[in-house]
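Chemist: The structure's right below; bear with me while I get my questions together.
The values are calculated or read from the model by the stated rules, or taken from the named source; none is laboratory data. All figures in this text were calculated on a predicted structure; none of them were measured in a lab. Quick reminder, even Gly has a Cβ in these numbers, built from the backbone with ideal geometry, and neighbours come from all protein chains shown. Heavy atoms of the whole protein, side chains included, go into the accessibility calculation; ligands, DNA and RNA do not. Shrake-Rupley method; radii C 1.70, N 1.55, O 1.52, S 1.80 Å.
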Amino acid sequence: TERTLSIIKPDATGRNLTGKINAKFEDAGLRIVAQKRLQLTKAQAGEFYKVHAERPFFDELTTFMASGPVVAQVLEGEGAIAKNREVMGATNPADAESGTIRAEFAESVGENSVHGSDAPDTAKEEIAFFFSELEIV
Ligand code: ATP
Ligand code: MG
């Protein structure tokens, strides 16, 4: 089995959607093996999203990610990285397939409700950003 890092973003926690989003993961066969709610500082959001530091939306992205609570979680399952990205839907909710989290809940390309790791190496790094091995069960 594989693990991936998921974040329920501030637009979604603000609209009280954590349970509905978690149900989508569980319905897809992904198991939530670690989960915590926290508020990132803008500096921490910038560290997490440092691959996007040179992108024009970096300031908007990090301000948004620090604007309210997030729920960081580790999802586990067969092909969890790809499966999670399938359940999330396209980055821009306008392009997301119906039934996906972003099609149902996201408000815009910036405020798009969830993050998911995109490859095994980034999943490993992103999981370690939030969790120790002891916290993943
Ligand atoms: P994530 O990494 O959050 O799972 P993603 O992999 O679908 O999303 P990326 O290209 O990695 O998309 O972009 C990271 C995040 O940056 C997006 O989820 C979105 O919140 C934000 N973002 C991407 N493109 C834009 C844009 N054009 N304008 C504003 N924000 C954007
Ligand atoms: Mg990404």
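Chemist: For the chain, what does the helix formula give at 222 nm: sum of -39500 (n - 2.57) over DSSP H segments with n ≥ 4, over the residue count, nearest 500 deg cm²/dmol? Provide the component values of the computation, followed by the final result.
Modeler: On the way: 7 runs with 55 residues, N = 137.
The per-residue figure over the chain is -10500 deg cm²/dmol.
Chemist: So, one more: At a probe radius of 1.4 Å, what is the per-residue accessible area of I21, in Å² to the nearest 10?
Modeler: 0
Chemist: Using only Cα atoms, figure out Rg for segment 90-137 and give it as a multiple of 2.2 N^0.38 Å.
Modeler: After normalising by residue count via 2.2 N^0.38 Å, the value is 1.42.
Chemist: Could you please report the charge total around S108, scoring K, R as +1 and D, E as -1 over all other residues with beta-carbon less than 11 angstrom from its beta-carbon? Before the final figure, lay out the partial values.
Modeler: Working: positive: R102; negative: D11, E60, E107, E111.
My count for the surroundings of S108 gives -3.
Chemist: Within straight cross-link reach of K20, meaning Cα distance under 25 Å, which lysines are found once same-chain residues fewer than 8 apart are removed?
Modeler: In chain and number order, the partners are K9, K36, K83.
Chemist: Do any GluC sites (Glu not before Pro) in segment 32-137 lie in a DSSP loop with no more than 12 other beta carbon atoms within 10 Å, and if so, which? Kindly include the intermediate steps, with their values, before the conclusion.
Modeler: Details: sites: E47, E54, E60, E76, E78, E86, E97, E104, E107, E111, E125, E126, E133, E135; in loops: E54, E78, E97, E107, E111.
For GluC sites (Glu not before Pro) across segment 32-137 that sit outside H, G, I, E and B with at most 12 neighbouring Cβ atoms in 10 Å, the list reads E54, E78, E97.
Chemist: With every protein chain present, what is the per residue accessible area of segment 1-73 (1.4 Å probe, Å²)?
Modeler: Numbers: 3780 Å² over 73 residues.
About 52 Å² of surface per residue is accessible.
Chemist: Same structure again: For segment 54-112, which chymotrypsin sites (Phe, Trp or Tyr not before Pro) are both in a DSSP coil and crowded by at most 12 other Cβ atoms within 10 Å?
Modeler: On the way: sites: F57, F58, F64, F105; in loops: F57.
Those that pass, being in a loop and sparsely packed, are F57.
Chemist: Now for a separate question. For the chain, just list the percent of Cα-Cα distances falling in each 10 Å bin from zero outward, please.
Modeler: 13, 46, 37, 4
Chemist: Continuing with this model, one more query. What is the sum of charges around F48, taking Lys and Arg as +1, Asp and Glu as -1, for the other residues whose C-beta is under 13 Å from the C-beta of F48? Before the final figure, lay out each step's value.
Modeler: Details: positive: K9, K42, K50; negative: E47, E125, E126.
Cβ neighbours under 13 Å give a net charge of 0.
Chemist: Here's something else I'd like to know. Would you mind calculating the relative contact order of the chain from Cα pairs under 8 angstrom and at least 6 residues apart, reporting the percent as a whole number? Before the final figure, lay out the partial values.
Modeler: Numbers: 246 pairs, mean separation 51.2, N = 137.
Over the chain, the number comes to 37 percent.
Chemist: May I pose another question? Please report, in debye to the nearest 20, how large the charge dipole of the chain is about its Cα centre when each Lys and Arg carries +1 at its beta carbon and each Asp and Glu carries -1 there. Present the calculation step by step, with values, prior to reporting the outcome.
Modeler: Values: 15 positive and 22 negative charges, 73 e Å.
Computed charge dipole of the chain: roughly 360 debye.
Chemist: Calculate the spin-label point distance for V137 paired with I32, positioning each point 7 Å from the Cα along the beta-carbon direction, and give it in nanometres.
Modeler: Placing both labels 7 Å beyond Cα along the Cβ direction yields 1.6 nm.
Chemist: Please compute the modelled spin-label separation between E97 and A23, points set 7 Å along Cα→Cβ, answer in nm with one decimal.
Modeler: 2.1
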